[in-house]
1. Taking residue 282, is it under 30 Å from residue 66 (Cβ atoms), more than 16 Å from the ligand (Cβ to nearest atom) and open to solvent by less than 40 Å² (accessible area, probe 1.4 Å)?
2. Which pairs turn up if I take residues in region 334-345 that are under 19 Å from residue 29 (Cβ atoms) and look for partners that are acidic (Asp, Glu) with beta carbon separation below 9 Å, at least 6 apart in sequence or on another chain?
3. Residue under question is residue 310, and the condition is that it be of a type in the set (Val, Ile, Thr), within 22 Å of residue 201 (Cβ to Cβ) and in contact (Cβ under 8 Å) with a residue 60 or more places away in the chain; does it hold?
4. Within region 41-52, how many residues turn out to be within 21 Å of residue 371 (Cα to Cα) and open to solvent by 60 Å² or more (accessible area, probe 1.4 Å)?
5. Looking only at region 53-75, count every residue that is away from the ligand (no atom under 16 Å from the Cβ) and surrounded by 18 or more Cβ atoms within 10 Å (Cβ to Cβ) and tell me the total.
6. Could you check how many residues of region 156-209 are within 30 Å of residue 314 (Cβ to Cβ), of a type in the set (Ser, Thr, Tyr) and part of a loop (DSSP other than H, G, I, E, B)?
7. Specify which of the listed residues (300, 374) is in contact with a strand residue (DSSP E or B) (Cβ under 9 Å, 6 or more places away or on another chain), touching a residue at least 60 places away in the same chain (Cβ under 8 Å), part of a helix (DSSP H, G or I) and open to solvent by 40 Å² or more (accessible area, probe 1.4 Å).
8. Go through region 132-155 and give me each residue that's under 28 Å from residue 324 (Cα atoms) and either in a loop (DSSP other than H, G, I, E, B) or modelled with pLDDT under 95 (or both).
Amino acid sequence: MNFDEIIDRRGTHSSKWDSMEALYGVSPDDGLAMWVADMDFRPPACVQAAVDGMAAHGLYGYYGEDQGYRDAIRWWMAERHGWDVARDEIFSTHGLVNGTGLCVDAYTDPGDGVVLFTPVYHAFARVIKAADRRVIECQLSNNDGRYEMDFDAWDAQMDGTARMAILCSPHNPGGRVWTRAELQGVADFARRHDLILVSDEIHHDLVMPGHTHIPMPLVDAGIMDRLVMMTATTKTFNIAGSHIGNVIIPDKALRARFAARMGGLGISPNSFGIFMAEAAYSPKGAAWVDALVPYLDENRRLFEAGMAAIPGVAPMPLESTYLTWIDFSGTGMEMSEILDRVQSKARVAPNHGHTFGLGGESFLRFNIATPRARVKEAVARLQDAFADLQ
Ligand SMILES: Cc1ncc(COP(=O)(O)O)c(C=O)c1O
């Protein structure tokens with residue numbers, strides 16, 4: 001594991017690098033891709049070995065007999081998160097955007113409201129709207145550069161039309177690791193308004209030192225009859241193209257509804273994803289994650305310090321994920337000017353904050369899961385692009 005190795009991903013159908021110019025006007029020739037959530041690192045050797053083993057065998061038929069795969073998931077959740085999962089609670093979807101869409105389909109009807117705590121991962125709203133459901137944006141409070149929950153305000157927004165809430169825990173894009181009290185508040189909110197609670201915990205393994213993620217089932221056993229958990233290997237091990245996710249549903253009746261939708265759409269596992277996930281959820285995979293997190297933490301420290309040195313620019317302290325959320329409102333500039341400086345002058349491509357919903361308008365999200373030399377280069381270029389503010 002050499003996270004400093006610069007691997008040229010251009011011309012490999014990498015969304016992050018090969019779609020950057022079309023989306024952001026930043027050329028991959030000299031630009032820095034800091035947007036979509038994948039890392040510029042190779043996955044652990046155990047994952048590569050699983051793919052090599054498949055290729056050497058050379059037969060790619062339907063996947064069956066999946067007890068080892070289910071046990072690997074159970075091992076990971078117990079070992080790394082203290083959470084006991086039963087084999088029959090696990091569904092394998094084609095990723096968690098797919099899992100979100102299936103939940104929307106299974107548990108709500110057209111016209112129903114789905115609550116999002118915004119700003120939040122943009123695909124949630126896309127999926128909800130595409131299914132003719134309504135997004136109800138309950139905005140997080142930005143208290144001195146830290147997102148907090150405002151249940152009184154959110155209670156006042158509820159008009160009885162919401163059927164589901166989707167929580168992102170830990171939070172993308174704010175990087176918060178929610179406290180037990182905050183998570184209890186979300187569970188109580190879901191019960192108070194009779195909502196199915198979908199807890200997307202895809203970022204749960206990438207938690208910065210000093211913070212502890214609490215899986216929702218460990219917060220409140222009374223929430224199990226309305227809870228859908230979503231986790232995955234894909235962010236943790238940088239294998240997003242394998243398009244596989246764990247949707248874990250403790251309640252039998254909710255499981256039956258989910259299974260019916262999966263069956264109705266003919267969704268069955270991609271064998272590459274299963275082989276890779278089983279290999280990743282292992283002691284060797286765990287050792288790799290234990291080396292990765294301190295590397296990300298140092299990138300975070302460098303990037304946050306570099307951004308905080310620009311007058312009017314304020315990074316939110318990143319407690320989890322490798323997606324730094326930076327507030328440019330203090331510069332007093334229009335977003336068009338900020339983007340001109342970041343994209344045209346510095347040649348850096350970040351995600352645009354408004355796409356994450358209410359409250360994201362003055363922010364940009366930068367992905368720092370890249371070799372440290374690139375993080376340093378990005379800091380230098382961005383400081384230069386705003387040098388007149390010094
Ligand atoms: C909170 C969250 N959920 C889901 C996803 C994507 O999941 P998948 O690639 O499994 O569809 C992301 C990707 O960044 C994410 O941040």
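1. So residue 282 fits the description; yes.
2. 345/384
3. Criteria not met by residue 310.
4. Total satisfying the criteria: 3.
5. Count: 4.
6. So the count comes out to 2.
7. 300
8. Hits for region 132-155 are 140, 143, 144, 145, 146, 149, 150.
The values are calculated or read from the model by the stated rules, or taken from the named source; none is laboratory data. On a predicted model such as this, the values are computed, not experimentally measured, just so you know. FYI the Cβ positions are ideal-geometry reconstructions off the backbone, even for glycines, and counts take in every protein chain you see. Protein only, heavy atoms only, side chains kept; ligands, DNA and RNA dropped before computing areas. Shrake-Rupley method; radii C 1.70, N 1.55, O 1.52, S 1.80 Å.
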